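Asks: What follows is a structure written as structure tokens; I'll ask about it next.
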Amino acid sequence: MKRREFQQGLVATGLLWLTQPAWAAKTLSWKMVQELRHPSDINVEQIELSPDGQCVAAWATDGSLSVWNIGKQQMLWSRTEKTTLVTTSRTHMLCVDDGVIRQVALANGADNVSQAGVDPVAISPSGEWWAGLRERSTIMLWNSKTMKLVPLTSPPFVLRPEPRLYHFSEEGKWFVATQGVRCILWEISKPEDPIVLNDQPAEVTNVRLTREARWVIAGAMGGSLDIYNRLAPKQSQRAAYGGDIRSLGLDLPNNRVLVGCSEGPTPLAIQTLPNLKKPSAIPADPIRLGPCGDTWACSLRDKVAATGHSQGLIKIWKWS
């Protein structure tokens, strides 16, 4: 193995500091570099970085939403109530503003109204598929190209319209939703044939999918982080965190997830996901970021992370 590849492996497992000189260990770490304040002095419970890490959207418990340019420390757009943050892309943030779907440009904050066949809770990365709810009991998928609505077969339960509980895989072929302690996975081409994953020990608070839905990552109250293999849905690899897991920030290119928890021994950490070549291998111990206190929301994009905290505090972290 080449030295560079060996060091990259050590970085992924958090062991690089054991093999480097003291000065090198100090320079290769996550550092909090910036603080922003959400307009509302309340918990920032959802946060999303744009894919290039240049802008951040933050949503608070009272329904207020803000979009920031990180480099300029400039607020681009804000609403004080009745909003829902859905997702960010390279160019836009998408939200539901008092029942109206809006796309907000990350370049200048200009917004325009979008039309869709559902009130969205999740959108596939390509923008082709939108997921929404009908009468809070039926999940509907809407295809933005064909305008077709596709109902998903699922057990009869009332669903919560929180975007953190729904997610599309990167290529847009798979979709996952949660209800209580359960995660349900669909291949979009087979909407009548859901895959029910093994129940969590407590209520699921966040869920994410990797490419082709090979891994389903679910965080729950009580601190359990379960990593399911789609090919063996009744089994999972579990990592235990000290507090309730409140947010997951998936970083697909680097095969890892940022985990935000209530205050405890590990309120914020990066968890490496299993290697596809060795799916049975136990994931490496998490790399801890901090100290940061209670973490309500988190997002990770390569070498930039954003976290949401109490009293409207937003923290920006960088690997340097």
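The values are calculated or read from the model by the stated rules, or taken from the named source; none is laboratory data. Here the structure is a predicted model, which means the values were calculated and not measured. A quick note on method: Cβ atoms are made from the backbone with ideal geometry, for glycine too, and the neighbour counts reach across all protein chains shown.
Asks: Conditions first: (1) buried (at least 16 other Cβ atoms within 10 Å of the Cβ); (2) of a type outside the set (A, V, I, L, M, F, W, C); (3) within 18 Å of Ser169 (Cα to Cα). Gly109 passes all but one, so which condition is the exception?
Replies: Unmet for Gly109, out of (1) buried (at least 16 other Cβ atoms within 10 Å of the Cβ); (2) of a type outside the set (A, V, I, L, M, F, W, C); (3) within 18 Å of Ser169 (Cα to Cα): (3).
Asks: Is it the case that some residue within the range 72-82 is buried (at least 22 other Cβ atoms within 10 Å of the Cβ) and either assigned to a strand (DSSP E or B) or touching a Ser or Thr at 6+ places or on another chain (Cβ under 7 Å) (or both)?
Replies: Here is the first cut: in the range 72-82, the ones buried (at least 22 other Cβ atoms within 10 Å of the Cβ) are none.
No, the range 72-82 contains no residue that is buried (at least 22 other Cβ atoms within 10 Å of the Cβ) and either assigned to a strand (DSSP E or B) or touching a Ser or Thr at 6+ places or on another chain (Cβ under 7 Å) (or both).
Asks: Applying the selection to the range 96-118, what residues are under 18 Å from Ser40 (Cβ atoms) and modelled with pLDDT of 95 or more?
Replies: Selection gives Val104 alone.
Asks: Can you give me the number of residues within the range 100-150 that are within 25 Å of Thr210 (Cα to Cα) and of a type in the set (Gly, Ala, Ser)?
Replies: 7
Asks: Just to be sure I understand, how many residues within the range 222-238 are hydrophobic (A, V, I, L, M, F, W, C), in a loop (DSSP other than H, G, I, E, B) and touching a Leu at 6+ places or on another chain (Cβ under 9 Å)?
Replies: Of the range 222-238, the ones hydrophobic (A, V, I, L, M, F, W, C) are 225, 227, 231-232.
Okay, now just the ones that are also in a loop (DSSP other than H, G, I, E, B), so 231.
With touching a Leu at 6+ places or on another chain (Cβ under 9 Å) added as a condition, the list becomes none.
Going through the range 222-238 one residue at a time, the tally reaches 0.
Asks: Looking for something of a type in the set (Phe, Trp, Tyr) and under 29 Å from Asp251 (Cβ atoms) - is there at least one such residue anywhere in the range 60-73? Talk me through it step by step, then tell me what you get.
Replies: First, pick out the residues of the range 60-73 that are of a type in the set (Phe, Trp, Tyr): 68.
Next cut, under 29 Å from Asp251 (Cβ atoms) only: 68.
Checked the range 60-73: at least one residue is of a type in the set (Phe, Trp, Tyr) and under 29 Å from Asp251 (Cβ atoms).
Asks: Does Asp98 meet the test of being more than 25 Å from Thr178 (Cβ to Cβ), acidic (Asp, Glu) and in contact (Cβ under 8 Å) with a residue 24 or more places away in the chain? Explain how you work it out, then say what you get.
Replies: Values: more than 25 Å from Thr178 (Cβ to Cβ): yes; acidic (Asp, Glu): yes; in contact (Cβ under 8 Å) with a residue 24 or more places away in the chain: no.
No.
Asks: Among the residues of the range 239-282, what is the count of those that are assigned to a strand (DSSP E or B) and either surrounded by 13 or more Cβ atoms within 10 Å (Cβ to Cβ) or free of Cβ contacts under 8 Å to residues at least 12 places away in the same chain (or both)?
Replies: Step one: list which residues in the range 239-282 are assigned to a strand (DSSP E or B), which gives 239-240, 245-251, 256-261, 268-272.
From the residues that got through so far, the ones that are either surrounded by 13 or more Cβ atoms within 10 Å (Cβ to Cβ) or free of Cβ contacts under 8 Å to residues at least 12 places away in the same chain (or both) too are 239, 245-251, 256-261, 268-272.
Residues in the range 239-282 being assigned to a strand (DSSP E or B) and either surrounded by 13 or more Cβ atoms within 10 Å (Cβ to Cβ) or free of Cβ contacts under 8 Å to residues at least 12 places away in the same chain (or both): 19 in total.
Asks: Next question, about the same structure. Of everything in the range 167-186, what is β-branched (Val, Ile, Thr), buried (at least 18 other Cβ atoms within 10 Å of the Cβ) and in contact with a Pro (Cβ under 8 Å, 6 or more places away or on another chain)? Give them in sequence order. Break it down into steps so the answer makes sense when it comes.
Replies: The initial filter retains those residues of the range 167-186 that are β-branched (Val, Ile, Thr), namely 176, 178, 181, 184.
Subsequent filtering for residues that are buried (at least 18 other Cβ atoms within 10 Å of the Cβ) retains 176, 178, 184.
Passing the criteria: only Ile184.
Asks: If you scan the range 251-266, which residues turn out to be within 19 Å of Lys31 (Cα to Cα) and modelled with pLDDT of 90 or more?
Replies: Asp251, Asn254, Arg256, Val257, Leu258, Val259, Gly260, Cys261
Asks: Pull up the range 200-238, narrow it to residues that are under 20 Å from Gln46 (Cα atoms) and over 14 Å from the mean Cα position of the chain (by Cα), then point me to the one that is surrounded by the most Cβ atoms within 10 Å (Cβ to Cβ).
Replies: Gly223
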